[in-house]
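Have a look at the structure below, then the notes.
We did not get these values from a lab; they are worked out from the coordinates using the rules stated. Note that the coordinates shown come from a computational prediction; the quantities given were computed from them, not determined experimentally. Glycine also receives a Cβ, built like all others from the backbone with ideal geometry; neighbour counts cover every protein chain displayed.
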Amino acid sequence: MALAQIKKAVINSETLTAEKKNAMAILSYVLKNVLDLLHPVMPFITEELNSILFQGSEMVISRPWPTADESLINKDIEVAFDQAFAVVEAVRGVRGRYSVSPATKLKAVVSVDDAATETSVNACLAIITELGGIESITVGVKAEKPKFSASAVVPGGELFIPLEGILDPAAEIARLEKEIEKAKSFAASIERKLSNEKFVSGAPEAVVNAERVKLATQQDIIAKNQKALEELK
């Protein structure tokens, strides 16, 4: 659950603070309602979990069906929350694309399309920095992309992660160019095989399809590495 991620440090703290009690109460409320909602399709499992997690409480089957309290629904908060998690996912995507350790603190620039989106992102900076491993973040309308930075599209704008000091520019560009050439060479050999009518008509369909999957995989590698290369130049 999102709250568990955001409040992980608070929940794991040995000190029972007011913030921890509040977070635990919310998680308990949500979990109990989830068990109620799952009960019709998972009756035995939900009853077992309920007896372990909520000892002394009534059985799930005896509880009323959960209903939404419309007065607690805030669309602005939902939009801001979705925006924040989109940025966090984009940061994690950049880490994966460039093999940057989760322990490495990053800087980030979020370029947004309008003032409303800027306000929405700024409202959730604590979530973004905590879950994204961000040490500093700048949010601005049409913010400029820093040099040698990775980018990712987010709702209402674009995320930039400066990689200077984290990756060696020349080495990373050389690595990407090498990977592109390797994938192109492999793709060319597969294309030659698939252009051979004798192979396509004579080989089992499963074998031909496997070669087509290999070709699509190499083309995807080429496209992704070319995009990464363009980002860094």
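By how many degrees, 0 to 90 and rounded to 10, does the Cα axis of helix 43-53 deviate from the longest principal axis of the chain?
Orientation of helix 43-53: about 70 degrees from the principal axis.
Which option, [x] 1.42; [y] 0.99; [z] 1.33, is the value of Cα Rg over 2.2 N^0.38 Å that was calculated from these coordinates?
[x]
Rank by packing, highest mean first: peptides 206-219, 55-68, with packing defined as the count of other Cβ atoms within 10 Å averaged across residues. Write out the running numbers ahead of the final one.
Working: 206-219: 13.7, 55-68: 10.1.
Peptide ranking by packing, descending: 206-219, 55-68.
When only alpha-carbon atoms are used, what values of Rg and Dmax, in angstrom, describe region 169-232?
Rg then Dmax for region 169-232, in Å: 14.6, 47.
May I ask what percent, to the nearest 5, of DSSP beta bridges between residues of the chain are antiparallel? Intermediate values should be presented prior to the final figure.
Values: 10 of 18 bridges.
For the chain, the DSSP antiparallel bridge percentage is about 55.
Let me spell out the model: positive unit charges on the Cβ of Lys and Arg, negative unit charges on the Cβ of Asp and Glu, origin at the Cα centre of the chain. What dipole size does that give, in debye rounded to 20?
Numbers: 27 positive and 32 negative charges, 178 e Å.
Value, rounded to 20: 860 debye.
About its Cα centre, how strong a charge dipole does region 2-67 have in debye, to the nearest 20, once Lys and Arg get +1 and Asp and Glu get -1 at the Cβ? Before the final figure, lay out the partial values.
On the way: 6 positive and 6 negative charges, 53 e Å.
The dipole magnitude comes to about 260 debye.
If the convex hull of the alpha-carbon atoms of region 2-67 is projected onto planes in all directions, what is the mean projected area in square nanometres?
Numbers: hull surface 21.0 nm².
The number I arrive at for region 2-67 is 5.2 nm².
So how do 153-159, 172-178, 19-25 stack up, highest first, on mean other-Cβ count within 10 Å?
Numbers: 153-159: 18.9, 172-178: 15.1, 19-25: 13.6.
Result, highest mean first: 153-159, 172-178, 19-25.
Among bridges DSSP assigns within region 107-233, what percent are antiparallel (round to 5)?
Numbers: 10 of 17 bridges.
Antiparallel: roughly 60 percent of the beta bridges in region 107-233.
So what is the calculated 222 nm ellipticity per residue for the chain, using -39500 (n - 2.57) for each DSSP H run with n of 4 or more, over all residues, to the nearest 500 deg cm²/dmol? If you can, show how the numbers build up before the last one.
On the way: 10 runs with 142 residues, N = 233.
After summing the helix terms and dividing by residue count, I get -19500 deg cm²/dmol.
Evaluate region 75-162: find the radius of gyration of its Cα atoms, find its Kirkwood radius, and give the ratio Rg to Rh.
Values: Rg = 11.8 Å, Rh = 12.6 Å.
Reported Rg/Rh, Kirkwood definition of Rh: 0.94.
Would you list Ser195, Ser189 from fewest to most Cβ contacts within 10 Å? Walk me through the numbers on the way to the answer.
On the way: Ser195 9, Ser189 14.
If I rank by nearby Cβ atoms, fewest first, I get Ser195, Ser189.
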